[in-house]
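**Q** Below are the structure tokens for one structure; questions will follow.
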Amino acid sequence: MTSATAADYGWICSSSSVLAYGMELGYSLTLVRGVSPSELFRIVGAEPQGVCAGLGELIHEQQEFLDEYDEWPDAFLAGAFTVQGEGGDWTLVLEFGGGLDMRADIMEAISAETRAVSHSSNGGKPMDFFHWYEQGELRTTFEWPADRTGSTPDALNPLMLAVGLHPSGEEDPDVDRKAAVLALTERLTGVRVTQELLAEAEYHVAEVPEEPAEECESVTTVEEPAH
């Protein structure tokens, strides 16, 4: 397990951050162990749209996608790539203004035999969410650290304290909560999300449909059960 803390993710607070676009528009970042980008897109019923060389190109594709609609669409683009983490390969999925992590049936399907961790912000006056799924089960989720739900809402309390989040709801003025959530995500995945990683990755892009399939397909992975 890594020793990441909020201090390792201070870059998220900068106006020049590579995620500044996502912080303004809204974003969702999901990590799934042992599921390839193509397999993940198959599970969610997404339509492949090619490859983007870097975050700038993905944002450009996102803007062109939005220009096709008069109103904000329910469908959205997702970019995904493979990254090394605890226990092997993980797929990192990045969306802007979408909501993969807000569709429980999809999250249950992509985590059916593995682990999935996601965090998101709706932009503007933000609502920030964190989700941890294990073997298709939502274990811990929260917007505010003190308002946790899921089947094991207190299971992450020691890790939350270690990264700078207080399960009691007490706020530390020296800790950015979004940076702390990124650190918590690293503690659960072993994936260090850096500006360089997001900026330079080759994103496999797909359009996630407006409505998820009535019954999302499950996935079989070869990874060992999560600890």
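The values are calculated or read from the model by the stated rules, or taken from the named source; none is laboratory data. As the structure is a prediction and not an experimental result, all values here were calculated from the model. Don't worry about glycine lacking a Cβ; one is built from the backbone with ideal geometry, like all the others, and counts go over all protein chains shown. Each accessible area value is taken on the protein alone, full model and side chains, heavy atoms only, with ligands, DNA and RNA left out. Shrake-Rupley method; radii C 1.70, N 1.55, O 1.52, S 1.80 Å.
**Q** Return the residues of the stretch 130-167 that are among the β-branched types (Val, Ile, Thr), in a strand (DSSP E or B) and open to solvent by 10 Å² or more (accessible area, probe 1.4 Å); say none if nothing qualifies.
**A** Passing the criteria: Thr141, Thr149.
**Q** Looking only at the stretch 34-89, filter to residues that are among the acidic types (Asp, Glu) and assigned to a helix (DSSP H, G or I); which one of those is nearest to Glu202 (Cα to Cα)?
**A** Our first condition is that a residue be among the acidic types (Asp, Glu); within the stretch 34-89, this holds for 39, 47, 57, 61, 64, 67-68, 70-71, 74, 86, 89.
If we keep only those that are assigned to a helix (DSSP H, G or I) too, we end up with 39, 57, 61, 64, 67.
Numbers: Glu39: 17, Glu57: 10, Glu61: 13, Glu64: 18, Asp67: 23 Å.
In this case the residue turns out to be Glu57.
**Q** Could you check Ile43 against (1) open to solvent by 10 Å² or more (accessible area, probe 1.4 Å); (2) more than 16 Å from the chain's Cα centre (by Cα); (3) within 20 Å of Ala109 (Cβ to Cβ) and say which number it fails?
**A** Among (1) open to solvent by 10 Å² or more (accessible area, probe 1.4 Å); (2) more than 16 Å from the chain's Cα centre (by Cα); (3) within 20 Å of Ala109 (Cβ to Cβ), the lone unmet condition for Ile43 is (1).
**Q** Sort out which residues of the stretch 1-13 are open to solvent by 50 Å² or more (accessible area, probe 1.4 Å) and part of a helix (DSSP H, G or I), and write them in order of number.
**A** First, the residues of the stretch 1-13 that are open to solvent by 50 Å² or more (accessible area, probe 1.4 Å): 1, 3, 7-8, 13.
Ala7, Asp8, Cys13, listed by residue number.
**Q** Same structure again: Check off (1) at pLDDT below 95; (2) of a type in the set (Gly, Ala, Ser); (3) open to solvent by less than 30 Å² (accessible area, probe 1.4 Å); (4) under 20 Å from Ala199 (Cα atoms) for Ser16 and give me the number that stays unchecked.
**A** Exception for Ser16: condition (3).
**Q** In this structure, is Asp105 outside any helix (DSSP H, G or I) and of a type in the set (Asp, Glu)?
**A** Against the criterion (outside any helix (DSSP H, G or I) and of a type in the set (Asp, Glu)), Asp105 does not qualify.
**Q** Tally time: how many residues in the stretch 108-142 are in contact (Cβ under 8 Å) with a residue 40 or more places away in the chain and within 17 Å of Val208 (Cβ to Cβ)?
**A** Total meeting the criteria: 8.
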